[in-house]
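K.L.:
Would you mind keeping the following structure in view while I ask a few things?
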Amino acid sequence: MNDLVFTWLNGIWYFFEALKMLVIADVILSWLFLMWLKWRPKFLSDIIDPVYRWIRSIVPTSFWPIDLTPIVVILFLAICQTVLFLIFPDFQPIRIRI
């Protein structure tokens, strides 16, 4: 596989991973918002809210008090990552060690 394609695929892969982590952080902060913490970082709402709006315009995801939009977003991102593996079977994302 071409190095340029491999680099782009890694970038897309880790973009999806970062977006999934931001969705999970947003869900946790929304739970804390219900309890006592009345704070949500602006950068988080600037990144996540357009994604939520896009999903809500396509699929009705509110069922009474439960909002299923984060679950739909994470499933959509996981499906996109699976499609990357199906299209490029030789692709293995570089594991970042911390």
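K.L.:
Can you pull out the residues in the range 52-70 that are assigned to a helix (DSSP H, G or I) and closer than 13 Å to Ser30 by Cβ?
P.N.:
Tyr52, Thr69, Pro70
K.L.:
Is it fair to say Ile24 is in a helix (DSSP H, G or I) and not aromatic (Phe, Trp, Tyr)?
P.N.:
yes
K.L.:
Report whether or not Tyr52 is among the hydroxyl-bearing types (Ser, Thr, Tyr) and closer than 24 Å to Ile96 by Cα.
P.N.:
When the stated conditions are applied, Tyr52 does not pass them.
K.L.:
Within the range 71-87, which residues are free of Cβ contacts under 8 Å to residues at least 60 places away in the same chain and under 17 Å from Asp26 (Cα atoms)?
P.N.:
Passing the criteria: Ile71, Val72, Val73, Ile74, Leu75, Phe76.
K.L.:
Here is a list: Trp13, Trp54. Which entry is surrounded by 12 or more Cβ atoms within 10 Å (Cβ to Cβ) and touching a residue at least 60 places away in the same chain (Cβ under 8 Å)?
P.N.:
Criteria check complete, one pass: Trp13.
K.L.:
Here's a follow-up. Search the range 33-43 for residues being surrounded by 11 or more Cβ atoms within 10 Å (Cβ to Cβ) and within 20 Å of the chain's Cα centre (by Cα), and hand back the single one that is modelled with the lowest pLDDT.
P.N.:
Arg40
K.L.:
OK, next. For the range 64-98, give me each residue that is polar (S, T, N, Q) and over 22 Å from Trp54 (Cβ atoms).
P.N.:
Gln92
The values are calculated or read from the model by the stated rules, or taken from the named source; none is laboratory data. Please read these numbers as outputs of a predicted model, since none were measured by experiment. Virtual Cβ from ideal backbone geometry, glycine too; neighbours counted across all protein chains shown.
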